[in-house]
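This report concerns only the one structure given below.
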Amino acid sequence: FIESYSSPRFAFKEGRYGEMFGYFQEGFIVLLLGLLAVRARQPWYFVWVSYFLYFLLDDSLGIHERAGRLLYKGLDLPRSMFEMPTRDLGQLVVFTFLGLLFLAVVGAAYYFGDRTFKEVSRNLLIMLAVLIFCSVVVDVIHVYVNVNAHEAQLLIDLLALLEEGGELVIVS
């Protein structure tokens, strides 16, 4: 199982099949939510469209990674803090800031949206919470284990599988 996961074609790395499939899924979500906004004549769905479009762009272009590196370099921080690389902590700060900003916008849309929009938003927020768990919480654990227990390769591989595979499953 782990051996096939580690195959270069199927490994969860930039530009590989799993990553490309994730981009396809995110793009399809943007399309479907855009169609829903138009069909339901409810512009508040475009808040969700913008979030998933950002998520697609962030995944494909590494926006929060680049912003995290800029934050790390701009503040002239040490290479490591709290036993983690500072550039990874910078990514977490950027991702958290953007996430809170998005939640504020979703909260406003939720307040003004109709009953159906609110129901759809509640369901999307639940799935978003699981997605954030996989893509942020498991990622932080993965980075920590990779830096501090690099001899535990099986654990590192399992965390990578949980992180990337969990993202693909919840986006599905």
With every protein chain left in place, what is the accessible area per residue of the stretch 98-163 in square angstrom, probe 1.4 Å?
59
List, largest first, the extents of the alpha carbons of the stretch 29-172 along their principal axes, each in whole Å.
53, 35, 23
Ratio Rg/Rh [Cα only; Rh per Kirkwood] for the stretch 98-166:
1.20
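Calculate, in nm to one decimal, what Leu61 and Val140 gain on full extension: separation in residues at 0.36 nm each, minus their alpha carbon distance. Could the numbers behind the result be given before it?
On the way: separation 79, 0.36 × 79 = 28.44 nm, distance 1.96 nm.
Extra length available between Leu61 and Val140 comes to 26.5 nm.
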What is the spin-label model distance, in nm, from Thr96 to Arg39 if the labels are put 7 Å beyond Cα along the C-beta direction?
3.9
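The values are calculated or read from the model by the stated rules, or taken from the named source; none is laboratory data. Being a predicted model, the structure only gives us computed values, none of them experimental. Here the Cβ is made from the backbone with ideal geometry for all residues, glycine too, and neighbour counts use every protein chain on show. Ligands, DNA and RNA are excluded from the accessible area calculation, which covers all protein heavy atoms including side chains. Shrake-Rupley method; radii C 1.70, N 1.55, O 1.52, S 1.80 Å.
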